[in-house]
Every structure is written in C-alpha cells, then in structure tokens.
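Heads up, the thing below is written out as structure tokens.
The values are calculated or read from the model by the stated rules, or taken from the named source; none is laboratory data. Remember, it's a predicted structure, so these values are computed and weren't measured experimentally. In this analysis, Cβ positions are derived from the backbone assuming ideal geometry, glycine residues included, and neighbour counts consider all displayed protein chains.
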Amino acid sequence: MGGDTIKRDHVDRRRGRRDGVVVLAERLTQRELQVLAMLSDGAKRDEIATVLGTTVRAVGSNGTTLLKKLGARSQPHAAAIAFRRGLLRVDRRAG
C-alpha cells in the first residue's frame, strides 16, 4: 500500500475509524487541505467560509471529513498530525 499512513492502536468505531492502517494523506481534497491550513492558523468556520466563498455548513462538513480521514480526535489533533506528516508547514516569516 503506497502513500502516507498513520497506524492507530486504539480504534473508536463511533467516529468511523477502522482497525489497522487508517489514513491517507493523498486522499485529502484540495479544499480539505485549505480548511485544515486555515483551522491550524486559528480561523473560525465563518471566517473560512467567507475567505473560500462557501457556507459555514460546507466548511463544517470538510472539517468533519478531514478529521475522519486523518484519524484525529479534534481540530488541534488534526493539525498536529498534518504537521508531523508534512501536509502543513510552519511559515517562519509569519508572526
């Protein structure tokens, strides 16, 4: 099996996780990556929706989907996974 994967020892079936290898960086859509990047910068859903020209509901759906794909328990956990896997990088020029 190719691509980035994350092995989870504990599986929470209520959140849609499966046993064994779960994720799939290559399966995140461009929009999910945009939402993830903005969430990791501290943006709120309504702010993300405005910037991306979509609805708050769509942003929420993207957020829920990317949590499942990354096997994350929360948005901060998703950001941490994304940084570790190289999906997001720290902008050293910012701040």
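Name every residue in segment 52-70 that is surrounded by fewer than 12 Cβ atoms within 10 Å (Cβ to Cβ) and part of a helix (DSSP H, G or I), in order of residue number. Matches in segment 52-70: ARG57 only. ARG73 meets the conditions (1) crowded, with 16+ Cβ neighbours inside 10 Å; (2) assigned to a loop (DSSP other than H, G, I, E, B); (3) in contact (Cβ under 8 Å) with a residue 12 or more places away in the chain in every case but one. The failed one is (1). Restricting segment 48-82 to residues that are of a type in the set (A, V, I, L, M) and touching an Asp or Glu at 6+ places or on another chain (Cβ under 7 Å) leaves a set whose member that is modelled with the lowest pLDDT is LEU66. Each residue in segment 55-71 was checked for being over 17 Å from ARG85 (Cβ atoms) and among the charged types (D, E, K, R), and 1 of them qualify.
Taking the criterion of being within 13 Å of ALA78 (Cβ to Cβ), assigned to a helix (DSSP H, G or I) and of a type in the set (A, V, I, L, M), the residues of segment 28-51 that qualify are LEU33, VAL35, LEU36, ALA37, MET38, LEU39.
Against the test of being surrounded by 13 or more Cβ atoms within 10 Å (Cβ to Cβ), modelled with pLDDT of 50 or more and in contact with an Asp or Glu (Cβ under 6 Å, 6 or more places away or on another chain), the options ARG27, ARG85, ARG31, ARG45 yield a single qualifying residue, ARG85.
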